[in-house]
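Read the structure below first, then the notes.
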Amino acid sequence: MKKYCIAAALSMACLAPVAQADTVLGLYVGVDGWKADNDGSFSDNNNALQNFNFEDETFVSYYAALEHPVPLVPNLKLKYTELELNGSTVLEDTFSFNGTDYVVGTGVNSVTDLSHIDYIFYYEIFDNDLISIDLGLNAKQFDGELVVTGTSQQGGANFTEIEEFSGVVPLVYGRFEAGLPFSGLSVFAEGSFLAIDDSKVQDYQMGIAWEFIDNLAVDVAVKAGYRSMVLELDDVDDINTDIDASGPFAGIQVHF
């Protein structure tokens, strides 16, 4: 999926005429590094959620956004977020996954791959040199995998179960940015949200950016802040999760 997102960004870059960036097309590409503190639980659809002690890890996000002047047609942003969690626990109660029962009192390891692509369609509601407001919809697409390894009750030996899942979660999207005149500095907040029935998904970040290159050909900014993601998925392709990943991030963005 990383290769897919990078290829999409490069193909979009080929469409953007640099000399007329903001008059015809505007292309934004960027990369963020995210140091996340992770915790939570998961299960398949036939069993109760099992808590795991997830390691704190650093993840990477890539994104590309294409803005244009065509009326009524939304702008497009693609964002790939790496989110592979490594966890472990000692079972205090019965835990079953994908048809395998694991022995109470033994250790179980897991790999929870919730990496995904955001397909964001948005409109610029307000945009000038000081304030920008975007609103739209986000289709968050998961192509994930859950791996559980532990002592099986059936055979008494280590046994690994792997369950793949996929699904698209629709979210409301918004972004706000306010600049400080003549400084190159700005503050921003961006997020996608859903709360329906037993599912709750929120993915937001806020921080400060500094545009240290600003000319007719290209703008370059560095940014830093805080990102939080909550994934309470209820029966997405027979998978349930209650995952919280939050922590500081830093990145760079180029605007053609």
Computed over the chain: longest principal axis from alpha-carbon atoms vs helix 2-15 long axis, angle to nearest 10 degrees, is 10
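Going from the alpha-carbon gyration tensor of segment 184-256, what semi-axes, largest first and in whole Å, does one get by taking the root of 5 times each eigenvalue?
Values: eigenvalues 228, 29, 19 Å².
So the three semi-axes of segment 184-256 are 34, 12, 10 Å.
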The extension gain from Thr160 to Asn51, computed as 0.36 nm times the residue separation minus the Cα-Cα distance, is 37.5 nm
Residue by residue through segment 162-175, the couplings from Karplus 6.51 cos²θ - 1.76 cosθ + 1.60 with θ = phi - 60°, in Hz, x for Gly and Pro, are 10, 10, 8, 8, 8, x, 10, 10, x, 9, 8, 10, x, 8
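Just how many pairs of Lys in the chain have C-alpha atoms closer than 13 Å, counting pairs that are eight or more places apart or on different chains? Can you show the working numbers first?
Numbers: Lys2/Lys79; Lys3/Lys79; Lys77/Lys140; Lys79/Lys140; Lys140/Lys200.
Close lysine pairs found across the chain: 5.
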Mean separation of Cα contacts under 8 Å (at least 6 apart) over the residue count of segment 86-135, i.e. the relative contact order in percent, is 28
Rounded to 0.05, the calculated FRET efficiency for the beta carbons of Val104 and Asp235 at R₀ = 35 Å is 0.85
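Starting from 0.36 nm per residue, how many nanometres of slack lie between Val187 and Ser88 once their C-alpha separation is accounted for? Before the final figure, lay out the partial values.
Working: separation 99, 0.36 × 99 = 35.64 nm, distance 3.79 nm.
Result for the pair: 31.9 nm of gain on full extension.
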Label model pair Asp244, Gln153: point-to-point distance (7 angstrom along the Cα→beta-carbon line) in nm is 3.0
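Return the Rg/Rh ratio of segment 51-148 with Cα-based radii and a Kirkwood Rh. Intermediate values should be presented prior to the final figure.
Details: Rg = 20.4 Å, Rh = 16.8 Å.
Radius of gyration relative to Kirkwood radius: 1.21.
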Quick calc of log₁₀ I(q)/I(0), segment 77-126, Debye, one scatterer on every Cα, no solvent, q values 0.17, 0.26 1/Å, result -0.67, -0.98
So Ala178 and Phe121, fully extended at 0.36 nm per residue minus their Cα-Cα distance, gain in nm 18.4 nm
Val73 and Val111 label points (each 7 Å along its Cα→Cβ direction) are spaced in nm at 4.1
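Taken together, the values in this text are just the output of simple stated rules run on the coordinates, not laboratory data. Since the model is a prediction, treat every value here as computed from it, not as a measurement. Positions of Cβ are generated from backbone atoms using ideal geometry, with glycine treated the same way; all protein chains shown enter the neighbour counts.
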